Amino acid sequence: MAGIEEAALDFARRAPGELVASAVEALGAELVDVIVGPCGQPLALGDQPEAPWSCTRCASSHGFRRRGRRPGGRKLNSAVGQVHFGLAQLECLGCQRRFAPMLQVLGVAPHQRRTERLGDLAVALAVEVAYAKAARLLSDLAGVCLSARSIRRQILSVAPDRLGPECLDVPIVLLDGTGVRAGNAKLGVGLHLAIGLVARRRQGGRVAVEARLLGATLGEGWPVMAELLAPVRPGLVIVDGEEELSGMVSELWPNTPVQRCLFHLSAAVQKIACYTDRVPLAGAKALRERFDKMLLGAYRSGAAEASATAYDELIATFERAGAPGAADHLRIARSEAMTFLTHPGAGRLLFGDKGRPELGTGVLERVMREMNRRTDVGVRWSLPGARAILMVKLGRKYRHGQWAPKPESTTPPAVRFTLVA
């Protein structure tokens, strides 16, 4: 049984490429017969129709004669395996240039050895798994022989240095960063991301927001991200409390409301109380629960002034409980913690699905974990290599830039053909 399965798999890997090669040769022979005339019965120069190709020297699309076949044909690695097809040669009667017209009809560039579709398939695998594993998967599943080095070169050839915004009016902007094990620095380099939430819709029993990539940089500071985001017009900005990030937001969008991520704020309260103020873990958890309860009450009441008073009373409670560090953290975050009450319309995409304020950077956190999963492979990346793989992965994930959906062409192709078994 194992031998039969292996034979069937081998056939499945070879057959599509052989079928495509046969179709290409048949199409080429038919086109040459139509334009130049059947073998031994050439059409007169005045009877030849205009060809769907042109001479590679003088660009003429009229006046050709047969010149046999190109020795060795042409081999192309494609998404369906290796395609090896023969090529008829023609001679231009105007400049005596010899060329293979089918390469133009197929859109094959000089010295091209693999198709664009195969390159896209290799990139799609490489952004999810290691280069060597992507090469093995292509070989095992599709019968395509492509080395890990070739896949890496393909990634480097299509990767931009950074990604900038494509939409400018964004209801909510999420900003955050994560570390990537790349470069010579001990702690690696920072991956900075800006995600825009632009719509909200129900999918089955869940409510989901539509996210767009606004900006991505690796190994560059927040000022570079500020330059990218300068034309963006957000309705609300959500940050995690990083001082440099908050400063950039205040300079970039001075009139835009800023909301501190409530999950980060709540977690920081417990962490600072426990590890900085030396409050027992049970006490730190109790303080966090009081903070969460205060937020819930503020959200349900919608009373901004009363909630601000409750916030100040909670700070005093933290100080009396022996957690001055956590109290200072709440005091510093005061101007950003209650933005969901002072500007309730700004966060409308995230309010209310679970009966509590949900303003946070959770969407962005999931993206950063996905990026870390791809790069945390037990080795330290070079900075160009990490930048390339992450920019391509982000671009493909959000269909951004060169990976955006291409508009359908209204111009019919010069040649139509189908594969018939």
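Coordinate-derived values only; no laboratory data. All values reported here derive from a predicted model rather than from experimental measurement. All Cβ positions, even for glycine, are placed from backbone atoms using ideal geometry, and neighbour counts span all protein chains on display.
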Quiz item: If contacts are Cα pairs under 8 angstrom and at least 6 residues apart, what is the relative contact order of the chain in percent?
Solution: 14 percent
Quiz item: Fully extended, how many nm does the chain gain between residue 184 and residue 56 (0.36 nm per residue separation, minus their Cα-Cα distance)?
Solution: 41.2 nm
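Rounded, prolate or oblate: which one fits region 181-303, using the alpha carbon gyration tensor with axes a ≥ b ≥ c (rounded when a/c is under 1.5, else prolate when a/b beats b/c, else oblate)?
Taking the square roots of the gyration eigenvalues as a ≥ b ≥ c, region 181-303 is oblate.
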Quiz item: Can you list the GluC sites (Glu not before Pro) in region 23-109 that are in a DSSP coil and have 15 or fewer other beta carbons within 10 angstrom?
Solution: 50
Quiz item: By the gyration tensor of its Cα atoms, with a ≥ b ≥ c the square roots of the eigenvalues, what is the shape of region 169-379: rounded for a/c under 1.5, prolate for a/b over b/c, or oblate?
Solution: oblate
Quiz item: Dipole size in debye (nearest 20) for the chain around its Cα centre, Lys and Arg Cβ +1, Asp and Glu Cβ -1?
Solution: 1140 debye
Quiz item: Between rounded, prolate and oblate, where does region 117-158 land on the alpha carbon gyration tensor, with a ≥ b ≥ c its root eigenvalues, rounded for a/c under 1.5, else prolate if a/b exceeds b/c?
Solution: prolate
Exercise. Equivalent ellipsoid semi-axes for region 74-198, as square roots of 5 times the alpha carbon gyration tensor eigenvalues: give them largest first, rounded to whole Å.
Key: 40, 21, 14
Quiz prompt | Sites residue 22 and residue 166 - FRET efficiency at Förster radius 41 Å, r taken between beta-carbons, to 0.05 | solution = 0.45
Practice problem: Express as a percent, rounded to the nearest 5, the fraction of DSSP beta bridges in region 169-379 (both residues included) that run antiparallel. | Solution: 70 percent
Exercise. Return the whole-Å distance between the Cα centroid of region 264-299 and the Cα centroid of region 101-155.
Key: 52 Å
Self-check item: Compactness of region 245-286 - radius of gyration and Dmax, Cα, Å
Solution: 14.6, 41
Quiz item: If you take the charge dipole of the chain about its Cα centre, with +1 on Lys and Arg Cβ and -1 on Asp and Glu Cβ, which of 216, 237, 151 is farthest toward its positive end?
Solution: 151
Self-check item: Ordering of 117-129, 203-215 by burial proxy (mean other Cβ atoms within 10 Å per residue, highest first)
Solution: 117-129, 203-215
Quiz item: By how many nm would the segment from residue 70 to residue 34 lengthen if fully extended, with 0.36 nm per residue of separation less the alpha-carbon distance?
Solution: 11.0 nm
Self-check item: Reciprocal mean inverse distance between Cα atoms of region 13-112 - Kirkwood radius, Å
Solution: 14.1 Å
Quiz item: Under 16 Å Cα-Cα from residue 406, which lysines qualify once same-chain neighbours fewer than 8 residues away are excluded?
Solution: 397
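From the P(r) of the chain, could you give the percentage of C-alpha pairs in the tail past 29 Å?
The calculated P(r) of the chain puts 62 percent of pairs beyond 29 Å.
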